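The values are calculated or read from the model by the stated rules, or taken from the named source; none is laboratory data. Because the structure is a prediction, the values reported are computed rather than measured. Neighbour counts are summed over all protein chains in view; Cβ atoms, including those assigned to glycine, are modelled from backbone coordinates with ideal geometry.
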Protein chains: 2
Amino acid sequence: MAATEDGNRMEGRTGKADAPMTVDSGARRPSDEGARGRFERIYRTLRMRICLLDHAPGSRLREEDLAEEFRVSRTPIRRVLVKLEAEGLLRSVHGVGTIVTDIDVNELAQVYELRVELAELVGRLSPAPVDAALIARFHEIRARCDEMVSEGDPRTFSRINMDFFHLYNALTTNGPLREINERLYYQTARIWLKTALRLRNSKELIHTEFTTFQREVTDTTEAIEHGDLVAAGHVRRAHIAMSFARIRKASETEGRPVIAPTAG
Amino acid sequence: MAATEDGNRMEGRTGKADAPMTVDSGARRPSDEGARGRFERIYRTLRMRICLLDHAPGSRLREEDLAEEFRVSRTPIRRVLVKLEAEGLLRSVHGVGTIVTDIDVNELAQVYELRVELAELVGRLSPAPVDAALIARFHEIRARCDEMVSEGDPRTFSRINMDFFHLYNALTTNGPLREINERLYYQTARIWLKTALRLRNSKELIHTEFTTFQREVTDTTEAIEHGDLVAAGHVRRAHIAMSFARIRKASETEGRPVIAPTAG
DNA sequence: CGGCATGATGTTGTGCACAACATAACAAGC
DNA sequence: GCTTGTTATGTTGTGCACAACATCATGCCG
């Protein structure tokens, strides 16, 4: 049991080498969950798919298809879409469709600007107590990260990055701060993967991203081991700022998108 | 025309002495607005009612009543309620009803903690250009504030405070920051009015609140006139922190609620 | 008289049919 | 050939009836 509402574990974690296919809908569960549980499940599934680019920016999400996949009618699906639209990941237009919002580096500059500032607040506002279990979870992430550096693909990287975010976000007990961090994170989560897929030819840059993230995880873990949450905040702040700087640089050097494969 | 999406003006502003009755639903508009416009209108109306305690914490909002008032069916109403629930102002429970969330000083401490930090970011992150029109709007608020100090009631105070917030929030062009500030503001907007209504016997404390807010508006206006948005941020930060401290103190000195009149 | 089962009542959640709307294809006219 | 009006098609938005669920009253039994 042990209510761990902080963790935000996703479904479909099959261990180390999870298949690069689309996120499982988790359907075929007749009634072992209430209406609210089903809502949360569908919401999280779609959110992760959008952020892993399973639903590419600009593509359309037909409500009826989703309804069929999740074995419900359009009504509960629309609830989820309304929330995702409020989060800025979707946009529904009457008579046209619900399309996944496109992401632009310049628009996201403001979000990153904010994330940089908020990163330091974690661990400064209402720091969570650091116990052995928490440290163990950081070590686990670091292990997955070390493994990924040598043989990982961008998608796996994004998954680990997502898990690391949730772990880091659990360092504060300030609920509103956690919510806002989560919202802003998922607004920017796609841009790295999108950039990485575009630059997947130059493996050098990709490797730089991997090792940089590895350093962030290592440094953060060490700070946590010392119980210095403020230091962890500084590490995170620096890495968010640098990460965005690299993304922006990459999108400047590259000219036109020549976008990734279509559902291949 | 001049798209002023920043202002967030509410409907029902009848000038200086607006009636203390409930916020007008703005119904009786057949089709001069699209589906999205209607959604926004209903959403803002309900949000303002909740924050002005027209819908007291703990009270129930029957979907059918709202549907009848706004001349629509339950379906679009539910969309609004879903969003308000995501904002933390409502909570829908299957088979029970949608109840207005109660507000507790201790729970809101975290929100205030965050608002204090974010207040300074306005004007520091992506400051808006200060022109004569903007200064004029600050002067207008100050005039309304001066008038209210002598003959205002707590409800009028809350309205002016709300308008001042929107004006202050327009000092940054960082969209995500504005959204977050708005969300957090409306989560805490009710607590002042609730406390003031409880203490409406001791007019001394109420008057202190009025004059304190008057000073905040005056200081902020002066800072804006000098184009010093950072100073405005410091003023705001200080006043948010002090305001919460007074609210907390008031709720400590008072023992039990002995809650306000019931729809009388 | 107290406790508990059972039905009545009221509310939100769901499913489905239709309306409102936008777009694309197509044909008529210039 | 090009433009334009019209129709066909597909999508989201709305309304309504019913199911799922919780609560309260009632009456039975101990």
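Reported count of residues in the range A:39-48, each being surrounded by 18 or more Cβ atoms within 10 Å (Cβ to Cβ) and away from DNA strand D (no atom under 14 Å from the Cβ), is 5. If the condition is being away from DNA strand D (no atom under 14 Å from the Cβ) and part of a helix (DSSP H, G or I), then the range A:51-77 contributes only A:C51. When the range B:214-235 is filtered for residues that are assigned to a helix (DSSP H, G or I) and over 16 Å from B:V116 (Cα atoms), the ones remaining, listed by number, are B:Q214, B:R215, B:V217, B:T218, B:D219, B:T221, B:E222, B:A223, B:I224, B:E225. For the range A:175-198, the count of residues that are of a type outside the set (D, E), free of Cβ contacts under 8 Å to residues at least 24 places away in the same chain and part of a helix (DSSP H, G or I) is at least one. I need the full set of residues from the range B:206-233 which are surrounded by 17 or more Cβ atoms within 10 Å (Cβ to Cβ) and not aromatic (F, W, Y), in order please. Scanning the range B:206-233 gives B:I206, B:E209, B:E216, B:V217, B:D219, B:T220, B:T221, B:A223, B:I224, B:L229, B:A232, B:G233. Which of (1) closer than 29 Å to A:A245 by Cβ; (2) free of Cβ contacts under 8 Å to residues at least 40 places away in the same chain does A:Y112 not meet, given it meets every other one? So the condition that A:Y112 fails would be (2). For B:S92, the conditions (1) touching a His at 6+ places or on another chain (Cβ under 8 Å); (2) not assigned by TED's automatic domain parsing to the domain that holds B:L177 are fulfilled apart from (1).
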